[in-house]
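Working notes, beginning with the structure itself.
Throughout, read-outs are computed from the coordinates displayed, never taken from laboratory work. Quantities reported herein were computed from a predicted structural model and do not represent experimental measurements. For neighbour counting, all protein chains shown are included, and Cβ atoms are generated from backbone atoms with ideal geometry for every residue, glycine included.
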């Protein structure tokens, strides 16, 4: 069983608010990822990290930002939430190496009013 | 770049019947292939993966998949499904070099009824 946690699980917030979605893993994985998933749609990679102090943008353009100050922690921040940011956000991690499995957290469902 | 096509958005099936969920991919390089399952209000869990070697891959919960390079397919099968198999199933592909980002299909909802 993978140990990767996301908080909050559900968030309803007003337009213009700053929010941070938390993601933590206790497996010591170097690689971490953030995906955005809309209902009935595929997952889109929005950010990833090779390790501490490494962050890269993914395939889907996102107004969010991420940081990786500690191996186990990979928070995602939206400076000013908008209704278009309403979605599910999934965090994942994997060991370094070829063909490694990505382990997913339970997700955060965000609703911006 | 890689892409994945899951032809069926929803597959209804009766309990104890066999099921096949279809997945086709495209890639200009050699690939790794994955099937993940997502239960309601949960994250994704790996069912099985193909990296190399035998083209028939066995996974958890009685699922298996076969890699067919000539048809660029990686269909998921189970000989007898249970009600508890009701979930969303995602096929994913990555190249086998570099960062190996996963590219996901749109998912297939498996609905098992009694």
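Some values worked out for this structure:
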{"quantity": "GNM result for chain A, Cα springs below 10 Å: residue of A:90, A:11, A:21 fluctuating most strongly", "calculated": "A:11"}
{"quantity": "Efficiency of FRET between residue B:99 and residue A:17 - r from beta-carbon atoms, R0 35 angstrom, step 0.05", "calculated": "0.60"}
{"quantity": "Chain B - percent relative contact order, Cα under 8 Å, separation 6 or more", "calculated": "37"}
{"quantity": "Residue B:52-residue A:59 FRET efficiency (beta carbon distance; Förster radius 22 Å; 0.05 resolution)", "calculated": "0.30"}
{"quantity": "C-alpha center-to-center spacing [the range A:80-95, the range A:36-61] in angstrom", "calculated": "8"}
{"quantity": "Pairwise centroid distance, computed over Cα atoms, of the range B:5-27 with the range B:76-114, Å", "calculated": "8"}
{"quantity": "Residue order, fewest to most beta carbons within 10 Å, for A:52, B:13, A:66, A:112", "calculated": "A:52, B:13, A:112, A:66"}
{"quantity": "Which of A:27, A:32 has the fewest Cβ neighbours within 10 Å, and the rest in rising order", "calculated": "A:27, A:32"}
{"quantity": "Residue of B:99, B:63, B:74 that the Gaussian network model of chain B assigns the largest fluctuation, springs spanning Cα pairs under 10 Å", "calculated": "B:99"}
{"quantity": "Of B:97, B:86, B:55, the one that fluctuates the most in a GNM where chain B has Cα springs shorter than 10 Å", "calculated": "B:97"}
{"quantity": "Least to most buried among B:44, B:76 (fewest other Cβ within 10 Å first)", "calculated": "B:76, B:44"}
{"quantity": "Estimated distance in nm for a label pair at residue B:71 and residue A:109, the labels positioned 7 Å out from Cα along Cα-to-Cβ", "calculated": "3.7"}
